[in-house]
Structure formats: C-alpha cells, structure tokens
Amino acid sequence: MSLERLFEAFKSSKLVLPNRLVMAPMTRYFSPGGVPGADVAAYYRRRAEGGVGLIITEGIATAHYPMAANNARVPILHGDAAVAAWRRVVDGVHETDAKIAAQLWHVGIMRKPADAPEPGVLGVSPSGYLKIDKQVGEPMSVAEIDAAIAGYARTARHAKAAGFDAIEIHAAHGYLIDQFFWAGTNQRGDQYGGDLVARTRFACDVLAAVRAEVGPDFPLILRFSQWKQQDYTARLAQTPAELDQFLAPLVS
C-alpha cells in the first residue's frame, strides 16, 4: 500500500489540513497550576515543525473543576491566564502549516480522594461505580450532571476563543463520558441510564451544549473506545449492528 496518500491535503466542509498525519494526545503533566508555559508552547511547535497536519493536545480538564482533573499539572482552559497561555501555544502551531485541536477531558470516578488539585474533593460518576461490582461513590444528581455538561460547554467556548481549529471530546478509556456509556459503571434508572442507546444521553447532551457554544461550522471530534482502563476486555457493542445503534445518536 502506498503511503503517498498520507501526505496529501485533507479537506472537509469544516476542516482543511496540509496532510493526513495526526498527532495523538498524550498526557504530560507539564502545566503547573493548570497553566501551560513557554515550554509547552515550544513542545507543540516542535511537533508542528516536524510535519504533522493536525495536533490533538493532551487532555485539558474541563471547567467542572477540580472534579474533572486528578493532577495539579494537568492543563485547564478556563480563566484568563490559561486562555492566554493556550493562545500562545496555538499561535506557535499556526506559524507552521499545522492545525491544532483541544482535547476536553473529565476523569470522573478515576479521580481519587487524595488526588490534586484540592485533595478531599471526590470524583463523580453516573452511579458511583469504578467498575462492575465496585461502588466507591454516590451517583451524580441531575444538578451535578448539568454542572458537568456546563463545564464542557464553557471550556469549548474558551477553546474557540484561544484560536483552536477543532475540539476533541474525550469519551473513551473509562473516563466520565465513557462511564455513562458502559453498563458496568452506569446503573442509573433515569434518563441517563438504560440500554446501550439510552446510555448515550449524557454524551449527546455534552455535544449539544458544546455545539451551542462553538457554532454549527466548528469541527468537533468524539473519541470513544471499547476497552476501559478498569477492564481491557470490556465491550460497549458486541456486534457491528450494536455499534451502529450506539453511534447513531452521537452523529451531529
């Protein structure tokens, strides 16, 4: 198979890239107090200069804070200092031909009571389950769900203001949105629980709230996974037909 296609420009109705090489997100813990410094800007610029078409940033904790994070060195994108810092990152990437997307991240129940920032603040999850038969917390109230959704929307608004070219919503690997997807961690009996399709409700509400903030033409990416950090053998969908049913509500 020829690799020449990877070096051709990519064009969609919402995003144009100089090539089809994408740098995957990688958590780095290099932002003390949540604010990326000059070293972070230089790091992303070097990757852009290497020829990648699109950079997806490390996970940026949403403004549902501190519940969204489990380390004080994970970057944020709320507050004037953080927005200005990410603007410097974005500007450095744009000085090359590359584009950059912000990955919005909420760790949910993966946050432990001793975790920074603000030790003692508990993680949140749909049903308080870390995995099947392991309940470590209480179910989120609808008010807490609304606050989490608002945190995604606020962070998306700041991402667009900082000049990002796209947003990726992290809905994989056992973090908060994935905790709503997975039957092992979502045992709710209300509108946010139920069968495989019903369990997409939280993600759909997040996507709708983000879309309302960034407008109809801003590119959104949703990252999902079958496996979880808590269970590498887990499956959201057992068949291609089930996967089609799962993904259908998430398409916007």
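Every read-out reported here was derived from the displayed coordinates using simple, explicitly stated rules and does not represent laboratory data. Please read all numbers here as calculations on a predicted model, not as lab measurements. Ideal geometry is used to build each Cβ from the backbone, glycine not excepted, and the neighbour counts take in all protein chains shown.
For the reader, a short list of remarks on this structure follows.
- Each semi-axis of the equivalent ellipsoid for the chain is √(5λ) with λ an eigenvalue of the Cα gyration tensor; in descending order they amount to 29, 22, 16 Å.
- Exposed loop positions in the chain were taken to be chymotrypsin sites (Phe, Trp or Tyr not before Pro) whose DSSP state is not H, G, I, E or B and which have at most 14 other beta-carbon atoms within 10 angstrom. Between these positions, the longest stretch is 31-231.
- Nearest 10 degrees, 0 to 90: helix 201-214 Cα axis against the chain principal axis: 30 degrees
- Taken about its Cα centre, the chain carries a charge dipole of roughly 300 debye when the Cβ of each Lys and Arg holds +1 and the Cβ of each Asp and Glu holds -1.
- Taking Cα atoms only, the orientation of helix 80-94 departs from the longest principal axis of the chain by about 50 degrees.
- Straightening the chain between residue 14 and residue 243 buys 79.9 nm, computed as 0.36 nm per residue apart minus the Cα-Cα spacing.
- Percent of C-alpha pairs per 5 Å bin in segment 35-86, short distances first: 4, 19, 25, 23, 16, 9, 3, 0.
- All Cα-Cα distances of segment 116-168, cut into 10 Å bins from zero to the largest, leave 21, 33, 33, 13, 1 percent in each bin in turn.
- For the Cα trace of segment 5-60, dividing Rg by the Kirkwood Rh returns an Rg/Rh value of 1.05.
- Helix 142-161 axis, angle to the chain major axis (alpha carbon atoms, nearest 10°): 0 degrees
- Fraction of the pair-distance distribution of segment 44-169 above 26 Å, Cα-Cα pairs, percent: 28 percent
- Over all pairs of different C-alpha atoms, segment 205-252 has a mean inverse distance whose reciprocal, the Kirkwood radius, equals 12.6 Å.
- Calculated [θ] (222 nm, deg cm²/dmol) that DSSP helices of n ≥ 4 give over the chain, each run adding -39,500 (n - 2.57): -9500 deg cm²/dmol
- Hydrodynamic analysis of segment 119-252 uses the Kirkwood radius over alpha carbon pairs. Inserted into Stokes-Einstein at 10 °C and 1.306 mPa s, it gives a translational diffusion coefficient of 103 µm²/s.
- Grouping the Cα pair distances of segment 56-113 into 10 Å bins from zero gives a pair-distance distribution of 23, 48, 23, 6, 0 percent in increasing distance order.
- Charge-dipole axis of the chain as Lys and Arg at +1 and Asp and Glu at -1 on Cβ define it, positive-most pick from 153, 200, 3: 3
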